[in-house]
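Visitor: Mind having a look at this structure? Questions to follow.
Throughout, read-outs are computed from the coordinates displayed, never taken from laboratory work. No experiment lies behind these values; they were computed from the predicted model shown. Note: ideal-geometry Cβ built from the backbone for every residue, glycine included; neighbour counts use all protein chains shown.
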Amino acid sequence: MTIQFPKGFLWGGAIAANQCEGAWNLDGKGMSVADVASYKPHVDVKDYKSQWHTGPEDIKIAMETQDDTYYPKRRGIDFYHHYKEDIALFGEMGFKTLRVSIAWTRIFPNGDEAEPNEAGLAYYEDLFKTLRAHNIEPLVTLSHYEMPLYLVNEFDGWVSREVVDMFVKFAKVCFDRYKDLVKYWLTFNEIDSVFRHPFTTVGVVEEKYENKDKAEEAIYQALHHQFVASALAVKYGHEIIPGSQIGCMVTKTLTYPETCNPEDIYLAQKDNRMNFFYTDVQVLGEYPLFIKQYFKKRNFDIKMIEGDAEILKLHTVDFISFSYYMSMVQSIHAAQREKVGGNLVTGVKNPYLPTSEWGWQVDPVGLRISLIDLYDRYHKPLWIVENGIGAYDKVEEDGSIQDDYRIEYFRNHFIEIAKAIDEGVECMGYTSWACIDIVSASTSQMSKRYGFIYVDADDLGNGTYERKKKKSFDWYKKVIETNGDYL
Ligand code: BGP
C-alpha cells in the first residue's frame, strides 16, 4: 500500500492558551482554573488523579499568592509575548493549520461581565492575523480547561444553568470579532474528561458534595449544560460565520479486552460505549438510551429544560475532532494485573505495547482502529487534533536534541492514518500535540516535552525560554512538504 494523504490535508500542530501563554494576570485577564493548578514534584508522574486534583484548600492557597513558581500554567512558555517568533517557526515547518484556544478570562475576566475586555480581544485578533500572514489556518478551541475561577467560586461552575448563557455570550463575542479570520472552531476540549478532572473542566469541586453519588450527579448536570452550550455555539457560529465548520472534541479512549472471555469483552464494550456517549450527543443530537437508563437506575435528577432536546437535535457538529495518545485494556482480573497510569483511566498493562515514561501505552494501530470506529459510526469528517509523545528530552553537548524516538512515534501513527484513509475514512487533518514544548495539562511539568521545538525552561520556570529546533523539526517540515509521501 502506498502512503497517500488527501490533497489539502491540514497538517499542523496544537497548543492551548492555559498551557503556553503565561501572562496570567496581564492586560485585564482574570484568574482561571488553570492558574490554581499546581506543580506537585512529590507526586508520582504516573499518578494522574492526584497530580491533577485541585481541592478547596488548593484553591484557597493559590488565590492568596501572585507567585508562579509552583503554578507553571501562570507562565507557560510566555507565548503571549513570543507568539510572532513561534508562529514564524511553525510557518518555517510549512504548517497548514495551528490549533489554539482562546482563554475565556482574557475576554471576560470573571465570566459574567456586561462588556468584553478589549485588550484580550485585540491580542487574539493579532494572533489570528499573524497566523494568516504565514498562510496558517487557525483552528480555535473555545474552551480548553480555562474557565473563570470566579464562576467556580460564585456559581459552582457549570452546574449552574446561568453559566450556559455566559459561555454563549463569550462564544458570540469571539465569532463576531473573528468571523473574517477563523472558520474552523471547536467547542469544548475533551468534553469527556469531566469525570477525570471535574474541577478543570466543569468547575465542580467534588469535596463540596455530601458524597460521591451527589458529586457524580452534579458532574452529569454540568456536562448537560456544556452539551447545550456547545450546541448553541454551533447554532450561533453558523449564523454569524457563514461557511464556518464547528466540531466537537473528545479523547479517544480505545479499550481492548484482555482475553476472549465474554466478561472481558463486556468490560471493554462498556468503556468504549461510554466513550461514544459524548460524540453521540454532539453528532447524533440525543442522549443514548443506556445513559438515560443509568440516570434512572441511579435516581439522578438531571435538569433538562424545555427546548434543550431540540437544541441538541438541531445544532449538531460539522466534524468530529479527537485526541489520541494510548489504548487501554480491561479485564475481570484487573485487580491482579500490572497497571498503567496516565492521562486517562488506570488500566491493565498491554503486554504487546510499549509505554511512555508517564505510563501511556503507545499504540499506533489503535489510531487506525479509532478512526475506522468513529467514521463507521457517524460518517462525519474526522480531525486528529492531538497526538504526540511526552518525554524527557535531552540537550546534547553540541546543543542538539536528537528526538529520533519522536520521529518514530509520529511516523508509525501517520502510517496508520494513511491505512484508515485507504479504507475510506475521511480525515481532514492532523495537529500534533504539542508542536512546541509547553506545560503539561495533567502534571504541570515543563519537562514532559512534546514539541518539535524545545523551550529552555524547567518545571520551576528557570531558563532562558529560548526556542531550539529539535531533530524532528526538519523531519516534520519534509513530511508536510511532501504531503506525507516522505515519512
Ligand atoms: C490532553 C489535553 C491537552 C494536553 C494533552 C497531553 O488531555 O487536551 O491539553 O495536555 O492531554 O496531556 P499532558 O499535557 O498531561 O501530558
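Visitor: What full-extension length gain, to one decimal in nm, is calculated for Asn153 and Glu408 as 0.36 nm per residue of separation minus the Cα-Cα distance?
Guide: Full-extension gain reported as 87.3 nm.
Visitor: Another one. By per-residue mean of other Cβ atoms within 10 Å, what is the highest-first order of 116-127, 13-24?
Guide: Highest mean packing first, the order is 13-24, 116-127.
Visitor: Work out which helices of the chain, taken as complete DSSP H runs, extend at least 20 Å along their axis over the Cα atoms and score a mean Kyte-Doolittle of 0.0 or more, then list them.
Guide: 162-178, 364-378
Visitor: Could I ask something else about it? Dividing the convex hull volume of the alpha carbon atoms of the stretch 401-487 by its residue count, what do you get in Å³ per residue?
Guide: Value for the stretch 401-487: 102 Å³ per residue.
Visitor: Can you give the calculated 222 nm mean residue ellipticity of the chain, where each DSSP H run of n ≥ 4 adds -39,500 (n - 2.57) and the sum is split over every residue, rounded to the nearest 500 deg cm²/dmol?
Guide: Taken over the chain, the calculation gives -12000 deg cm²/dmol.
Visitor: Here's another thing I want to ask about it. Would you work out if the stretch 409-457 is rounded, prolate or oblate? Take a ≥ b ≥ c from the square roots of the eigenvalues of the alpha-carbon gyration tensor; rounded if a/c is under 1.5, else prolate when a/b is larger than b/c, oblate otherwise.
Guide: prolate
Visitor: Normalising by the residue count of the chain, find the relative contact order in percent from Cα pairs under 8 Å and 6+ residues apart.
Guide: 19
Visitor: Can I ask one more? Suppose the chain between Tyr352 and Asp44 were pulled fully straight at 0.36 nm per residue; how much longer would it get relative to their current alpha carbon spacing?
Guide: Using 0.36 nm per residue and subtracting the Cα-Cα distance, I get 108.5 nm.
Visitor: If you stretched the chain out fully between Lys303 and Gln269, how much longer would it get, using 0.36 nm times the residue separation minus the C-alpha to C-alpha distance?
Guide: Difference between extended and current length: 9.4 nm.
Visitor: Sort the following peptides by mean Cβ neighbour count (other Cβ atoms within 10 Å, averaged over residues), highest first: 453-459, 73-79.
Guide: 73-79, 453-459
Visitor: Still on this structure: Give the Rg (one decimal place) followed by the Dmax (whole number) of the chain, computed from C-alpha coordinates and expressed in Å.
Guide: In Å, with Rg to one decimal and Dmax whole: 21.1, 65.
Visitor: Anything over 30 Å Cα to Cα? Flag those among Lys7/Lys380; Lys49/Lys270; Lys40/Lys270, in the order listed.
Guide: Lys40/Lys270
Visitor: Enumerate the calculated ³J(HN,Hα) couplings along the stretch 243-254 in order (Karplus 6.51 cos²θ - 1.76 cosθ + 1.60, θ = phi - 60°), each rounded to whole Hz, writing x wherever the residue is Gly or Pro.
Guide: x, 5, 10, 10, x, 8, 9, 10, 7, 7, 10, 6
Visitor: Could you compute the FRET efficiency for Ala119 and Glu310, with r as their C-beta to C-beta distance and R0 at 35 Å, rounded to 0.05?
Guide: 0.40
Visitor: Provide the percentage of antiparallel DSSP beta bridges, counting only those with both residues in the chain; round to the nearest 5.
Guide: Within the chain, antiparallel bridges account for around 20 percent of the total.
Visitor: Let me ask something else. Between the alpha-carbon centers of the stretch 86-113 and the stretch 1-64, tell me the distance in whole angstrom.
Guide: Distance between centres, Cα-based: 13 Å.
Visitor: Give me a comma-separated list of calculated 3J(HN,Hα) values for the stretch 100-111, in order, Karplus coefficients 6.51, -1.76, 1.60 applied at θ = phi - 60°, integers in Hz, x for any Gly or Pro.
Guide: Couplings: 9, 10, 9, 6, 3, 6, 7, 9, 10, x, 9, x Hz.
Visitor: For the stretch 131-182 and the stretch 449-479, compute the distance between their C-alpha centroids and round to whole Å.
Guide: 28
Visitor: Under the Karplus relation 6.51 cos²θ - 1.76 cosθ + 1.60, θ = phi - 60°, what is the ordered set of whole-Hz ³J(HN,Hα) values for the stretch 25-40, x standing for Gly and Pro?
Guide: 10, 9, 6, x, 5, x, 6, 10, 4, 6, 6, 10, 7, 9, 7, 10
Visitor: Return the long-range amide H neighbours of Thr316 (sequence gap of 5 or more, or a different chain), with a cut-off of under 5 Å between placed amide H atoms.
Guide: Residues meeting the amide H criterion: none.
Visitor: A further question on this structure: Using only the C-alpha atoms of the stretch 251-337, find the volume of their convex hull and express it per residue in Å³.
Guide: Taking the convex hull of the Cα positions in the stretch 251-337, it is 123 Å³ per residue.
Visitor: Cα extents of the stretch 72-160 along the three principal axes, largest first, in whole Å?
Guide: Cα extents, longest axis first: 45, 27, 21 Å.
Visitor: Okay, moving on. Using modelled amide H (1.01 Å from N, peptide plane; none on Pro or chain starts), what sits under 5 Å from the amide H of Ser440, excluding residues fewer than 5 places away?
Guide: HN-HN under 5 Å from Ser440: Gln445, Met446, Lys448.
Visitor: Okay, next question. Glu137's amide H: which non-local residues (gap 5+, or another chain) put their own amide H closer than 5 Å, with H modeled 1.01 Å from N in plane and none for Pro or chain starts?
Guide: Close amide H contacts, sequence-distant or interchain: Thr97, Leu98.
Visitor: How long are the three semi-axes of the equivalent ellipsoid for the stretch 308-380, computed from the Cα gyration tensor as the root of 5 times each eigenvalue, in whole Å, largest first?
Guide: 31, 15, 12
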